[in-house]
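Since the structure comes first, as structure tokens, the remarks are kept for the end.
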Amino acid sequence: MDGQFKRLLLQALFSPSSAALGRALQQHRIASAPVSDFLPLLPAGLKERARLLDNTGKLPVYFEQLREQGWRWIALGDADYPPLLAQINDPPGVIAVRGSVEALNAPSLAMVGARNASADGLDNSRRFARQLAGSGFVIVSGLALGIDAAAHRGAVSAGRTVAVMGSGPD
């Protein structure tokens, strides 16, 4: 089984319980362990999901579409898994990445805020992010409207940005 497909399959099986996958990956190396080794570690409510994923046959098609768009998957324990993320309590087992993986390991600053922000709030977010990105920080934020989006726009104009999606590409 292709290593990237295996990572997507495990992410799909364990989602939304990525922390459970993280704990499983601390017991089993993803490169050498077959997917069947992970199935007993699935939380009880997700065991039916494994059967459904296996029966639909859609995951390989989904995988190819995402790969063509530039997505790849990094598992806890992989050399390019962000070291700071690995240090949190219950880190996600697999993260989906599109773009520069190097940005995940650079000095960074998170910027999040209201979706329904004032014009001044949006302007401040853009300006702060642009200044910080221009100083070498990678700006990390969600993909929400409002402050998050303004932070990304400001960072892109002067440096790098990382968008965090709680459940990967859907």
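The values are calculated or read from the model by the stated rules, or taken from the named source; none is laboratory data. These numbers come from a predicted model, not from an experiment. No Cβ is skipped: glycine too gets one built from the backbone with ideal geometry, and neighbour counts run over all protein chains shown.
Numerical summary
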| item | result |
| --- | --- |
| So SER18, is it buried (at least 19 other Cβ atoms within 10 Å of the Cβ) and at pLDDT below 75 | yes |
| Options ALA133, ALA158, ALA151: the member that is among the hydrophobic types (A, V, I, L, M, F, W, C), surrounded by fewer than 20 Cβ atoms within 10 Å (Cβ to Cβ) and not assigned by TED's automatic domain parsing to the domain that holds SER32 | ALA158 |
| Any hit, region 114-122, residues being more than 18 Å from the chain's Cα centre (by Cα) and either among the basic types (Lys, Arg) or under 30 Å from PHE38 (Cα atoms) (or both) | yes |
| Only one of LEU104, LEU59, LEU76 that is over 11 Å from the mean Cα position of the chain (by Cα), under 22 Å from GLY3 (Cα atoms) and surrounded by 18 or more Cβ atoms within 10 Å (Cβ to Cβ) | LEU76 |
| Strands (runs of 3 or more DSSP E) fully within region 92-170 counting 2 or more residues that are in contact (Cβ under 8 Å) with a residue 60 or more places away in the chain | 94-98 |
| Subset of region 108-125 [modelled with pLDDT of 95 or more and in contact with a Ser or Thr (Cβ under 8 Å, 6 or more places away or on another chain)] | ALA117 |
| Hits in region 82-91 (condition: loosely packed, with under 12 Cβ neighbours inside 10 Å and either among the small types (Gly, Ala, Ser) or part of a loop (DSSP other than H, G, I, E, B) (or both)) | GLN87, ILE88, ASN89 |
